[in-house]
Amino acid sequence: MFRIFQPVSTLDRLKEKYSLLMKRSYETALYDKKRSDLLHDKASKILAEIRAMEESKDYS
């Protein structure tokens, strides 16, 4: 029902952080290319962590 009292996994936190950074990068790109690139680079590093975590788990 609600996930108020359920713990949030590290993977879910990273996905949320990635999503937020990509959104901010897109919005910032309209007026500050350099800052947008920095945010995008941070998001790319987080995406690499997410993929590594998903590969380490066995989803089969």
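Readers should treat all values here as calculations from the given coordinates under stated rules, not as data from a laboratory. It should be emphasised that the depicted structure is a prediction, and the values quoted were computed from it without experimental measurement. Using ideal geometry, Cβ is built from the backbone for each residue, glycine included, and neighbour counts are taken over all protein chains shown.
Restricting attention to the range 3-45, the residues being charged (D, E, K, R), out of contact with any helix residue (DSSP H, G or I) (no Cβ under 7 Å at 6 or more places or on another chain) and closer than 28 Å to LYS57 by Cβ number 7. Being of a type in the set (Asp, Glu) and either loosely packed, with under 11 Cβ neighbours inside 10 Å or in a helix (DSSP H, G or I) (or both) is the filter here; which residues of the range 1-44 pass it? Answer for the range 1-44, where residues must be of a type in the set (Asp, Glu) and either loosely packed, with under 11 Cβ neighbours inside 10 Å or in a helix (DSSP H, G or I) (or both): ASP12, GLU16, GLU27, ASP37, ASP41.
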